[in-house]
Amino acid sequence: SSERCIFAASFSLISLRDSSRFSSISLTYSSLSRSIFRFSFFNKAHKSKSKSVLENDRVKKEEKEEKELWQKVASETGEEKVDALTQLSYRAFNKGDYEECLALCETARDEYEALGAEASTSTLAHIYFGIACSNSRLKKHKEAIAAAAKCTSLYKSMGSSKFIDSLGMEGDLHFELK
């Protein structure tokens, strides 16, 4: 909208350049430009302030959720603890902290394998997928391939459609190793 006004004023100036009214149009154009600039500046400042407030709220919410997840890790056992570890591993991966993600996934794997018969094969396969991805990002290709192979084996034994995705990742990892 403000861009349209500037364009319209510019077009008017160009078409009336030789006119005797050039100076009055030029003055009007200057006033219009300053008004639009002020509006535009205020609007951008207001939007950026709103974005920073929203960003701060989002960061505070994420920090609170992460703190709650760490409390679950410390106080819960079994699947609840594994779920909290897995959620924390997602956060670490998304932050680019692949070492922490790997450590969290390996801890989740150990906790989950300790459950024995209660453990869900699907969840365990998902954890191995996280281990493979973290190792891949850390350029630990042999470890990534081993974790991907375990993930693929688990998904295949379940007859899951995720078997194909896991097999594809395993192939990609073999290619990266060369």
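The values are calculated or read from the model by the stated rules, or taken from the named source; none is laboratory data. Values in this document were obtained by computation on a predicted structure and should not be read as measured data. Here the Cβ is made from the backbone with ideal geometry for all residues, glycine too, and neighbour counts use every protein chain on show. Accessible surface areas use protein heavy atoms only, side chains included; no ligands, DNA or RNA. Shrake-Rupley method; radii C 1.70, N 1.55, O 1.52, S 1.80 Å.
Looking at the square roots a ≥ b ≥ c of the eigenvalues of the Cα gyration tensor of segment 54-178, which shape do they give, rounded for a/c under 1.5, prolate if a/b is larger than b/c, or oblate?
Details: a/c = 2.18, a/b = 1.36, b/c = 1.60.
Since a/c reaches 1.5 but b/c is at least a/b, the shape of segment 54-178 is classed as oblate.
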**Prompt:** At Glu76 and Glu100, where each label point lies 7 Å from the Cα along Cα→Cβ, what is the point-to-point distance in nanometres?
**Reply:** 1.9
**Request:** Sort out for me the Cα centre separation of segment 116-178 from segment 67-103, rounded to whole Å.
**Result:** 19
**Request:** Mind computing the radius of gyration and Dmax over the alpha-carbon atoms of segment 49-111? Å is fine for both.
**Result:** 13.4, 45
**Highest-first arrangement of 159-168, 103-112, 128-137, 60-69, where packing means the average Cβ count within 10 Å** = 128-137, 103-112, 159-168, 60-69
**Message:** So, R0 is 30 Å and r is the distance between the beta-carbons of Ala114 and Asp172; what FRET efficiency does that work out to, to 0.05?
**Reply:** 0.45
**Arg91 versus Ser160: modelled label distance in nm, points set 7 Å from Cα along the beta carbon direction** = 2.4
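Quick check: with the 1.4 Å probe, what order do Thr123, Thr77 take by accessible area, largest first?
Values: Thr123 50, Thr77 100 Å².
My answer, sorted largest first, is Thr77, Thr123.
Hey, any idea what % of segment 59-129's accessible area is carbon plus sulfur with a 1.4 Å probe? Numbers along the way, then the final one.
On the way: 1990 of 4220 Å².
Answer for segment 59-129 is 47 percent, counting heavy atoms of protein chains only.
Mind giving me the FRET efficiency for Glu66 and Arg137? R0 is 22 Å, r the Cβ-Cβ distance, nearest 0.05 is fine. Walk me through the numbers before you get to the answer.
Details: r = 20 Å, r/R0 = 0.93.
E(calc), rounded to 0.05, equals 0.60.
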